[in-house]
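Reading through the structure tokens given below for one structure.
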Amino acid sequence: MTTTPTNQKIIDNHLKAPRKFFDWAFGKFPIYEWSNKERNIQSSERKTFSECIHKRLTKNTSFNFYANRDYFIWLGATSKRIEIQTYRITQYIAEGKEKFDIKLYNFEQFSNDKHIKLGYKSGEYFNGLSMLGIFKGPYSDCWVYNEDSFIQRLQSVSELKYVDLNTIFARRYSSVIGELPRIYKYRNILEYVQKIGARGLQKDILGDCYYGISYNYQHADMRRLTFNFVKKHKSVFKNSDITFAEVRTKQTIEDKLGKCIDGFEKLFSEDDLDLLPSCVKPIRFQHWALREGVSAVDYRDYIRLVTAVGLEFKGDYLVIPKNFKQAHGEAVANYEAMNLVENNKEYASRLNDLVKLETTIGCYKFKVPKRLEELKQEGKSLHHCVGTYVKRQQQGETSIFFVRNIKAPDTPLYTLEMHKGKIIQFRADHNQQVPTEAWNAARAFLQFANKQNIYY
């Protein structure tokens, strides 16, 4: 990997970070002190440091070693360029005195509508940014110098001086480093939408920024959100929180359906229009969706549930029910009932073995759920999560037993989970611990079950 002449020229001409930046960075490192009854040696006379590490001074004391390494970011701006400079600073102790090795490790520059990224590796600068370690990105665990002052400098001298940066960062929690690429790239349209008070569009353009191994963005499709589009719909966006998606959806709905009733674009996007049933007129469907408050997400799920149980999706009573919330709830119940029927059929063969484990020990009866829905009833009665174990019980990934008092065998008391010769958990109401007497019975039941040669 070789540094190209162009890359080296850019690095050679980078903005110079001030001395006070490096003094600030050095202050994040410790100093070392060695002492005995006769002598005291310090690695540095710095007044600012992270800590003073005390060591005993002996004749075998080593005064030469690698000490620490960290990364520091300086943000610079002029009228013609903006730079993000990441420095790798390594602290060494040589002959008892500290020394610092400073390397410009990552470099980003915004200038003349270009965004340049350069990283250092093995003595060379290459295109792209260097990672700061395993499972770390180029900006993981870095110290950032004077970010607030940098924003003010951007606002006063840089190419971003006509963008209201204070408004952007006052309401957001992302770092300047993460936001800067998008702000710079779309600075002209940002300036315009801020000028007309299009708050919704500003959110669309900037989107959400989050950091994993690198910065990731979620925002509007800027191939569609163009300057011309904004100017064409200026009267709609001006001094409002209306988003690009809402206007775009409304426009698409009008193109496809002839009319978009106000508010419908908030429920259905342009990609959801395929959900509109052909047996209902578009205007009527829009009125119904607004009246019932039906979103595209809920309607898509409703269609899936209805068709999954074998019903043909047609007729007003199904397609646009008078009470959608109730209809959706019934669809969920029917779907779950259908699944339970199928699951119980598969569970039947396993149940034939499990029932052989039913027995009574002391004052406790150990029962097997005969139908999978009994797990949900048990969970509801005892206020715990066993109702979510339906699939695992059916497929043999675990085994649930109901522990009852012999005087009330149908009243939920305790729930026991066992698998592969072990007790996994044993719970009472609200996940409380069970008494010692019940635990002794459960251990006896485990020994009994292990002798039956039945997989559980």
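The values are calculated or read from the model by the stated rules, or taken from the named source; none is laboratory data. Quick caveat, the model's predicted, so the values are computed rather than measured. All Cβ positions, even for glycine, are placed from backbone atoms using ideal geometry, and neighbour counts span all protein chains on display.
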The stretch 70-88, subset touching a Ser or Thr at 6+ places or on another chain (Cβ under 7 Å) and small (G, A, S), residue nearest to Y145 (Cα to Cα): A77
Top-ranked residue of the stretch 201-213 - restricted to ones that are under 25 Å from R248 (Cβ atoms) and either surrounded by fewer than 18 Cβ atoms within 10 Å (Cβ to Cβ) or outside the structural domain of K231 (by TED's automatic domain parsing) (or both), ranked as modelled with the lowest pLDDT: Y210
Pick from the stretch 105-135, criterion free of Cβ contacts under 8 Å to residues at least 24 places away in the same chain and in a strand (DSSP E or B), ranking: surrounded by the fewest Cβ atoms within 10 Å (Cβ to Cβ): K114
Flag for F445 being buried (at least 19 other Cβ atoms within 10 Å of the Cβ), over 40 Å from the mean Cα position of the chain (by Cα) and of a type outside the set (G, A, S): yes
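Residues are listed down the side, and each one gets a yes or a no for (1) at pLDDT below 95; (2) under 16 Å from V386 (Cβ atoms); (3) in a strand (DSSP E or B):
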| site | (1), (2), (3) |
| --- | --- |
| I400 | no, yes, yes |
| V403 | no, yes, yes |
| D410 | yes, no, no |
| T415 | no, yes, yes |
| F426 | no, yes, yes |
| N440 | no, no, no |
| A444 | no, no, no |
| I454 | yes, no, no |
When residues of the stretch 385-434 are limited to those that are under 20 Å from Y456 (Cα atoms) and hydroxyl-bearing (S, T, Y), the one surrounded by the fewest Cβ atoms within 10 Å (Cβ to Cβ): T388
Residues of the stretch 136-170 that turn out to be of a type outside the set (D, E, K, R), surrounded by 13 or more Cβ atoms within 10 Å (Cβ to Cβ) and not in a loop (DSSP other than H, G, I, E, B), as a count: 11
Of all residues making up the stretch 268-297, the number that are of a type outside the set (A, V, I, L, M), assigned to a loop (DSSP other than H, G, I, E, B) and crowded, with 19+ Cβ neighbours inside 10 Å: 1
Test: residue in the stretch 270-279 that is within 30 Å of R392 (Cα to Cα) and not small (G, A, S): no
Subset of the stretch 171-207 [in contact with a strand residue (DSSP E or B) (Cβ under 6 Å, 6 or more places away or on another chain) and in a loop (DSSP other than H, G, I, E, B)]: S174, G207
Of residues in the stretch 43-92 being closer than 13 Å to G27 by Cα and of a type in the set (S, T, N, Q), the one surrounded by the fewest Cβ atoms within 10 Å (Cβ to Cβ): T48
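Given the criterion over 30 Å from K185 (Cα atoms), in the same structural domain as L118 (by TED's automatic domain parsing) and in contact with a helix residue (DSSP H, G or I) (Cβ under 9 Å, 6 or more places away or on another chain), identify the matching residue among F29, F49.
Criteria check complete, one pass: F49.
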Candidates I454, I406, I424 - the one that is over 18 Å from I361 (Cβ atoms) and of a type in the set (A, V, I, L, M): I424
Any hit, the stretch 174-195, residues being more than 18 Å from I82 (Cα to Cα), at pLDDT below 90 and not assigned by TED's automatic domain parsing to the domain that holds S130: yes
Strands (runs of 3 or more DSSP E) within the stretch 1-103 that include 1 or more residues touching a Pro at 6+ places or on another chain (Cβ under 8 Å) and modelled with pLDDT of 95 or more: 52-56, 65-77, 82-94
Qualifying positions in the stretch 239-267 - outside any helix (DSSP H, G or I) and closer than 20 Å to F285 by Cβ: G258, K259, C260, I261, D262, G263, L267
Cβ-Cβ under 7 Å pairs, at least 6 apart or on other chains, the stretch 353-368 side touching a residue at least 60 places away in the same chain (Cβ under 8 Å) and in the same structural domain as F402 (by TED's automatic domain parsing), far side surrounded by 14 or more Cβ atoms within 10 Å (Cβ to Cβ) and among the small types (G, A, S): L354/S399; L357/A449; I361/A441; I361/A444; G362/A441; Y364/A438; Y364/A441
Residue in the stretch 298-319 that is assigned to a helix (DSSP H, G or I), touching a Phe, Trp or Tyr at 6+ places or on another chain (Cβ under 7 Å) and not β-branched (V, I, T) present: yes
